[in-house]
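Written below as structure tokens is the structure these notes are about.
Rule-based calculations on the coordinates, nothing more; no lab input. No experiment lies behind these values; they were computed from the predicted model shown. Here the Cβ is made from the backbone with ideal geometry for all residues, glycine too, and neighbour counts use every protein chain on show.
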Amino acid sequence: MDCYTRVILQEIHVCCLCLQHKSWKKIKNMVHWSPFVMSFKKKYPWIQLAGHAGSFKAGANGRILKKHCDCEQRCLSLLMRDVLRPYVPGYHGDVEKDGQKYNQMEDLLAEFDFPCVMDCKMGVRTYLEEELTKARKKPSPRPDMYQKMVEVDPEAPTPEEKEQKVVTKPRYMQWRETISSTATLGFRIEGVKKEDGTVNRDFKKTKTREQVTAAFHDFVKGNKDTLNAYLSRLEEIRDTLETSSFFKTHEVIGSSLLFVHDSKGRAKVWMIDFGKTTPLPEGQELTHRASWVEGNREDGYLSGLDSLVDIISSMVNSET
């Protein structure tokens, strides 16, 4: 049975179960989020979590197409020759489709049945230093960003910002990192997709270690085998990162760790999204753990990974 047939049968099975047990309103919601509908008859729920479904198309031979990005293409090409190769999507060059250029990548979910997926954005900041510098040069009032801010926390704006109902982009960029675990733990949960197709991206204020632990516990349903598999994979990734020449010489911003498991006991983690991963000047290296001071380009990636390993390790021990 080819992968397309298998996906179609799986989607039909899910819809049949829904008809038996769900109200029409819930069915409609599930269909709206269905990767089968949104991703051209391919099962890519992690695309939804990243919030860029429009950037992807289905490819041939178990591959996906992501809108071309010079930065990401360069990174993936280098990573195919780096020790990190087993922990990133396979890259298969560029391809054109419908007049648009795409990066052609491996479908990380091909081996999973009805996968549960979590996207964790890594690092102590999710913007490049140059983005902050550029925003400061033209700090124009942004009513749209003010609205986003008050939707999350009505008390976040200053009295002056409340009166004018605007914030500047630099202010918003820096505030955004403080409301989640990005600033405190070095990573944040972007979204979770469960095996029934439901998607949750309401993690903007998930900030404390206890809140993150609760989210992970719900994600794996307390399954110790899944936790152990994730822990082993994270430790492998961390060990490999510390020997990677690519990692030492790049500022890694906006990249995620993609957690995937299913009911068959399969569980893996991959590094994804390298559109903001930029090379350092020749001769410069990052520790990825040192505190970020504007100008040093430290991203806190390993600090976030250390936090993840520690949290999941504690969960494994507490479940014993």
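A few points about this structure:
- 14 Å beta-carbon shell around LYS165, net charge (K/R +1, D/E -1): -1
- Among the GluC sites (Glu not before Pro) in the range 215-262, those located in a DSSP loop and surrounded by at most 15 other Cβ atoms within 10 Å of their own Cβ are GLU242.
- Note on LYS66: aspartates and glutamates with a C-alpha under 16 Å away, same-chain residues under 8 apart excluded, are ASP94, GLU96, ASP98, GLU106, ASP107, ASP273.
- By average C-beta atoms within 10 angstrom, highest first, the peptides 280-287, 210-217, 187-194, 104-111: 187-194, 104-111, 210-217, 280-287
- Residue pairs, from the table LYS134/LYS165; LYS101/LYS248; LYS67/LYS276; LYS97/LYS194; LYS194/LYS224; LYS137/LYS169, whose Cα atoms sit over 19 Å apart: LYS134/LYS165; LYS101/LYS248; LYS97/LYS194
- Take the Cβ atoms of HIS92 and ARG289, set R0 to 41 Å, and the FRET efficiency comes out at 0.80.
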